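A short worksheet on the structure shown next.
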Amino acid sequence: MKIEKVKLYKINMRMRNPFTTSFGTEQDRLFLLVEAIDEQGLSGWGECVTSERPLYSEEFTQSSWYMLEKFLVPAVVKKEIDHPDDLQELFHAYKRNNMAKSALEAAVWDLYAKSKGEPLAKTLGGVKSKIQVGISLGIEENIDSLLESIKGKVDEGYKRIKVKIKPGKDIDVLREIRANFPDIPLMADANSAYTLKDIKVLKAMDQFNLMMIEQPLTAGDLIDHATLQKEIETPICLDESIHSYENARQAIELGSVNIINMKVGRVGGLTQAKKIHDLCEKENIPLWCGGMLESGIGRAHNIAITSLANFNLPGDTASSSRYWEKDLIEPEVVVEQGELLVPEKPGIGFDVNLEEVERNTIERKVIE
Ligand code: OSB
Ligand code: MG
């Protein structure tokens, strides 16, 4: 396979509602799409899940644009590639910048699956035809509106509810939720907002029977997460801490993690995601697929990876309509009773709505 040219699209899309985490509020998504085109004119698509500001991690949309334009796309374009795994070697010299790498790799995986005429889920080794999904709800100013959202999402059939927490918006919020919904599968995501000094608060969360607490401490603090896990009963799930197979292996070995949130962008792509999946299977670590407020293109890649056997907890891949007035794919992603069908068409299995892509593009660049 040879990539003849790559098109980069800078997309600006407003979400239907603002989304608030411990690190900030986001409503306008500024992100990138990557289209990789082969000698036959076949296109593969990938999404770069960065935001305008480096709040979740050090990457941000402009840094990814620069990485892709100057380093990553030139490393791939016009090269003979046998398999998408080959990109690991082509990218090897360039450190981190995982979301940028993942976006281009995702486009190559889509193209590879399409050139074989098979669904990406199958190419990746997926075995499931249906996947289970939950929903992630942002921090709300007012508890009644959060309770109302939870009720709506439970009624829609989402398989578990994740709520965002931060210091001062934690115990009271969780207590109210449990008072109203004693039995729902519930978890909390702190996005790194605590330190070991908060151990009392974190311990107090044990009373709420949470499925897990996601990323309580800073991303780099694997040792402190191991210390914390010895003190609390709620299983620790890591998100921001896991950037690679080696990170995952070390976190498991240290006892820092009992459940992993996989984000394909954060770990540098589907090849690395597959390796972490296999490791979790071997080590009996439950695994689920997180989200980064993706458009349908990133969402489609999330569905494909979640079809692998050891994604055994509901993920964050909610319906398109939860985020967007109009998504960039056809058909849109529709969750029914907390389940999604894995598409059977070749590649990502959804058509890219080029008109919508054009309508939301604020800058483009062709690299050949
Ligand atoms: O920590 O999982 C997170 C969104 C943006 C950045 C980080 C996170 C999230 C979510 C939302 O929780 C997941 C989604 O619905 O896409
Ligand atoms: Mg998270």
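Observations on the model:
- Across the stretch 331-340, the qualifying residues are those that are closer than 19 Å to residue 119 by Cα and exposed (fewer than 14 other Cβ atoms within 10 Å of the Cβ), and the one among them that is nearest to ligand 1 (Cβ to nearest atom) is 334.
- Lone unmet requirement of (1) farther than 13 Å from residue 3 by Cβ; (2) not in a loop (DSSP other than H, G, I, E, B) for residue 58: (2)
- Residue list for the stretch 215-263, restricted to those being closer than 19 Å to residue 291 by Cα, open to solvent by less than 10 Å² (accessible area, probe 1.4 Å) and of a type in the set (S, T, N, Q): 215, 241, 261
- Cβ-Cβ under 9 Å pairs, at least 6 apart or on other chains, the stretch 312-324 side open to solvent by less than 10 Å² (accessible area, probe 1.4 Å), far side hydroxyl-bearing (Ser, Thr, Tyr) and more than 14 Å from ligand 2 (Cβ to nearest atom): 315/306; 317/306; 318/158; 320/295; 324/295
- The lone criterion from (1) touching a helix residue (DSSP H, G or I) at 6+ places or on another chain (Cβ under 8 Å); (2) within 16 Å of ligand 2 (Cβ to nearest atom); (3) not basic (Lys, Arg) left unmet by residue 138 is number (1).
- Among the residues making up the stretch 273-290, a single one is buried (at least 24 other Cβ atoms within 10 Å of the Cβ) and either aromatic (Phe, Trp, Tyr) or out of contact with any strand residue (DSSP E or B) (no Cβ under 7 Å at 6 or more places or on another chain) (or both): 288.
- Residue check, residue 180 free of Cβ contacts under 8 Å to residues at least 12 places away in the same chain, away from ligand 1 (no atom under 16 Å from the Cβ) and of a type in the set (S, T, N, Q): no
Listed here are the residues, each with its yes/no results for (1) within 16 Å of ligand 2 (Cβ to nearest atom); (2) among the β-branched types (Val, Ile, Thr).
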site	(1), (2)
193	yes, no
201	no, yes
206	no, no
212	yes, no
215	yes, no
220	yes, no
236	yes, yes
240	yes, no
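Here's the yes/no breakdown for (1) touching a helix residue (DSSP H, G or I) at 6+ places or on another chain (Cβ under 8 Å); (2) at pLDDT 95 or above:
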{"residue": "8", "(1), (2)": "yes, yes"}
{"residue": "15", "(1), (2)": "yes, yes"}
{"residue": "22", "(1), (2)": "no, yes"}
{"residue": "29", "(1), (2)": "no, yes"}
{"residue": "54", "(1), (2)": "yes, yes"}
{"residue": "58", "(1), (2)": "no, yes"}
{"residue": "70", "(1), (2)": "no, yes"}
{"residue": "74", "(1), (2)": "no, yes"}
{"residue": "80", "(1), (2)": "no, no"}
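The values are calculated or read from the model by the stated rules, or taken from the named source; none is laboratory data. Remember, predicted model here, so these are calculated numbers, not experimental data. Note that each Cβ is placed from the backbone with ideal geometry, even for glycine, and that neighbours are counted across all protein chains shown. We work out accessible area using only protein heavy atoms, side chains counted, and drop any ligands, DNA or RNA first. Shrake-Rupley method; radii C 1.70, N 1.55, O 1.52, S 1.80 Å.
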